[in-house]
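Input: a single structure, listed below in structure tokens.
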Amino acid sequence: MNAMNLIDVITLGVVEGLTEFLPVSSTGHMILTAALLKLENTAFLKSFEVAIQLGAIFAIILLYFKRLFNGWAIYQRLFVAFIPTATVGFVMYKLIKKFLFSPVIVSISLILGGILLIALNRWIEESPSAYEDLEDMPLKSAFWIGMMQCLAMVPGVSRAGATIIGGILNGCNKRQATEFSFLLAIPTMLAATGYDLLKNADTIDQQGLIYLGVGGVTAFIAAWFAVKVFLNIVTRYGFAGFGYYRIAIGVAFLVLLYGMNLQLAA
């Protein structure tokens, strides 16, 4: 296994930014990328994979800055949607980090999630919005979207994918579900990042702080461009392409991991 260097940091930052708001699992991609880079699976690496999400979140805050000052209605819905994740995440935090941050689990989750996206895509295409604006969405619907987000605690499931599907199932059209997923990421990821850094502050030295800064800035830049492109793709083409991508990348990583294990065993 290799110790992390600056090239690894930038690589993981780009992967995080490009995938955070797509329904393909950014955490899963970073775990798989770290495995391919043969990085040592240290406590710092696990925290790094969570903490640099902060950079991607700042991209959303800037892109939706005006929307966040349109009144309290959207905050009420985000708060209600955040409650299930905050509760389950606090209770399950240690178990998730100990047992689920596995390349094999990620690959299987990617494949299963891809099949679900493809299966739901045709129905999604034909599903009109039940609300004129997100602010009109009932609080009960916001809560169920939050419940769906809890599934994303399994790496590879995808927070974006779970919340987008949750939005569609609760009356949103494609664009509304995607934008609510973006906005819900703000409290969810701020809380997850803050809690993780607090719990693992003793694993971060001066070099670690530099790596977090570089990774966060890289993730911010990549996420800024990814969000703009993603909204256009979803509006025009739907989610089936992301489903096929998930299956392809999941299968590819299983094959690569199997090959790597054979080499290590030889």
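Name, by its number, the condition in (1) modelled with pLDDT of 90 or more; (2) surrounded by 15 or more Cβ atoms within 10 Å (Cβ to Cβ) that does not hold for SER25.
For SER25, the failing item is (1).
Can you report the number of residues in the stretch 228-252 which are crowded, with 19+ Cβ neighbours inside 10 Å and of a type outside the set (Lys, Arg)?
So the answer is 7.
Table: residues versus (1) at pLDDT 90 or above; (2) farther than 20 Å from GLY13 by Cα.
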{"position": "VAL217", "(1), (2)": "yes, no"}
{"position": "PHE220", "(1), (2)": "yes, no"}
{"position": "LEU231", "(1), (2)": "no, yes"}
{"position": "THR235", "(1), (2)": "no, yes"}
{"position": "PHE239", "(1), (2)": "no, yes"}
{"position": "TYR244", "(1), (2)": "yes, yes"}
{"position": "LEU256", "(1), (2)": "no, yes"}
{"position": "MET260", "(1), (2)": "no, yes"}
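If I go through the stretch 69-89 residue by residue, how many of them are free of Cβ contacts under 8 Å to residues at least 40 places away in the same chain and part of a helix (DSSP H, G or I)?
Qualifying residue count, the stretch 69-89: 3.
Among the residues of the stretch 28-67, how many are of a type in the set (Asp, Glu) and open to solvent by 30 Å² or more (accessible area, probe 1.4 Å)?
Qualifying residue count, the stretch 28-67: 1.
Taking the criterion of being among the aliphatic types (A, V, I, L, M), open to solvent by 50 Å² or more (accessible area, probe 1.4 Å) and at pLDDT 90 or above, would at least one residue in the stretch 68-84 satisfy it?
yes
When the residues of the stretch 154-204 are narrowed to those that are in a loop (DSSP other than H, G, I, E, B) and open to solvent by 10 Å² or more (accessible area, probe 1.4 Å), which ends up farthest from LEU117 (Cα to Cα)?
ILE204
Can you pull out every residue in the stretch 1-22 that is open to solvent by less than 30 Å² (accessible area, probe 1.4 Å), out of contact with any His (no Cβ under 6 Å at 6 or more places or on another chain) and either over 26 Å from THR163 (Cα atoms) or in a helix (DSSP H, G or I) (or both)?
If the condition is that a residue be open to solvent by less than 30 Å² (accessible area, probe 1.4 Å), out of contact with any His (no Cβ under 6 Å at 6 or more places or on another chain) and either over 26 Å from THR163 (Cα atoms) or in a helix (DSSP H, G or I) (or both), then ASP8, VAL9, LEU12, GLY13, GLU16, GLY17 are the ones that fit.
Just one of TRP123, TRP144 is surrounded by fewer than 24 Cβ atoms within 10 Å (Cβ to Cβ) and touching a helix residue (DSSP H, G or I) at 6+ places or on another chain (Cβ under 7 Å); which is it?
Unique residue meeting the criteria: TRP144.
Run down ILE124, ILE115 and say which single residue is out of contact with any Cys (no Cβ under 7 Å at 6 or more places or on another chain), β-branched (Val, Ile, Thr) and at pLDDT 90 or above.
The unique qualifying residue is ILE115.
Pull up the stretch 205-215, narrow it to residues that are open to solvent by 60 Å² or more (accessible area, probe 1.4 Å) and part of a helix (DSSP H, G or I), then point me to the one that is modelled with the highest pLDDT.
Here the residue is ILE210.
Please count how many residues of the stretch 138-156 are at pLDDT below 85 and either more than 23 Å from LEU110 (Cβ to Cβ) or not small (Gly, Ala, Ser) (or both).
Adding up the residues that qualify gives 3.
The values are calculated or read from the model by the stated rules, or taken from the named source; none is laboratory data. Computed from a predicted model, the values in this text were never measured in an experiment. Positions of Cβ are generated from backbone atoms using ideal geometry, with glycine treated the same way; all protein chains shown enter the neighbour counts. Just so you know, the surface numbers come from the protein's heavy atoms only, side chains and all, with ligands and any DNA or RNA stripped out. Shrake-Rupley method; radii C 1.70, N 1.55, O 1.52, S 1.80 Å.
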